[in-house]
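The structure appears below as structure tokens.
The values are calculated or read from the model by the stated rules, or taken from the named source; none is laboratory data. Predicted, not measured: the structure shown is a model, and the values here were computed from it. In this analysis, Cβ positions are derived from the backbone assuming ideal geometry, glycine residues included, and neighbour counts consider all displayed protein chains. With ligands, DNA and RNA removed, areas are computed over all heavy atoms of the protein, side chains included. Shrake-Rupley method; radii C 1.70, N 1.55, O 1.52, S 1.80 Å.
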Amino acid sequence: MNYLETLNENNFTHALNVLATKDPDLDYILNTFGLPPLWMREPGFATLIQIILEQQVSLASAKAVFERLQAKISPITPEKFFQLDHTELKTIGFSRQKAIYGRLLAESIIAGQLDLDILNTMDDEDVRSVLKKLKGIGDWTVDIYLLMALRRPDALPKGDLGLILAIQKVKKFAQRPTPQEIESIAENWRPWRAVATRLLWHYYLSERSLR
């Protein structure tokens, strides 16, 4: 499979069927909860800002801040974002750290040091190498961008809490699996680890809604 292949409705359904034959726990999720959404986002600056906002907070609180940002500047471009000072960003709901991360990201794009469009032509590890040069962007942020914005089929956000909790529950582990353990489990899901992740997120959200 070409590493630049992106997920779409056709290969997503195919991948789910392949995963169901490889892993009985994934087969159980598929049969019990049905097809997961093909969650995706538009690649670009705004999505990276949204993912930065989602670092170590609930999706609901990050969404609220992102929507306030959208109300303040639309479209969300590096130039418009960089014009907001720290006080304005704090009023919107940015922490001091995330305001710094966002401004550094905007500045690097404005200065021509980072071209997000070029990421579409790079393999996953080169994307990781480029983005992690920026302060505030670590593996989780890169993994979510690869998975949702670039729609790479084998991206695995092994440090994602929702994924960790879903694997713990469906695999009946007494303890939360470590990122290293998740990587080992996920070897069986290659080259569709991003599809398995969506299926496990679907399980996690569906289980929570039943409580």
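For the reader, a short list of remarks on this structure follows.
- Any hit, region 131-147, residues being in a helix (DSSP H, G or I), under 30 Å from ARG103 (Cβ atoms), open to solvent by 10 Å² or more (accessible area, probe 1.4 Å) and out of contact with any His (no Cβ under 8 Å at 6 or more places or on another chain): yes
- The residues of region 174-211 that are in a helix (DSSP H, G or I), modelled with pLDDT of 95 or more and of a type in the set (Gly, Ala, Ser), listed by number, are SER184, ALA186, ALA194, ALA196.
- Residues of region 35-53 satisfying the condition of being out of contact with any Pro (no Cβ under 6 Å at 6 or more places or on another chain), farther than 22 Å from LEU205 by Cα and not in a loop (DSSP other than H, G, I, E, B): ALA46, LEU48, ILE49
- Flag if THR32 is in contact with a Lys or Arg (Cβ under 7 Å, 6 or more places away or on another chain) and part of a helix (DSSP H, G or I): no
- Only one entry of ALA99, ALA71, ALA46 meets the criterion of being without any contact (Cβ under 8 Å) to a residue 60 or more places away in the chain, among the small types (Gly, Ala, Ser) and closer than 29 Å to ALA166 by Cα, and that entry is ALA46.
- Among the residues of region 104-123, not one is buried (at least 20 other Cβ atoms within 10 Å of the Cβ) and either of a type in the set (D, E, K, R) or at pLDDT below 95 (or both).
- GLN56 in a helix (DSSP H, G or I) and either under 30 Å from VAL170 (Cα atoms) or open to solvent by 50 Å² or more (accessible area, probe 1.4 Å) (or both): no
- Pairs linking a residue in region 139-166 that is under 11 Å from ARG198 (Cα atoms) and modelled with pLDDT of 95 or more to a residue that is in a loop (DSSP other than H, G, I, E, B) and among the polar types (S, T, N, Q), with Cβ atoms under 9 Å and 6 or more positions apart or on different chains, are PRO153/THR6.
- With respect to the conditions (1) under 27 Å from GLY159 (Cβ atoms); (2) surrounded by 14 or more Cβ atoms within 10 Å (Cβ to Cβ), PHE82 falls short on a single one, namely (1).
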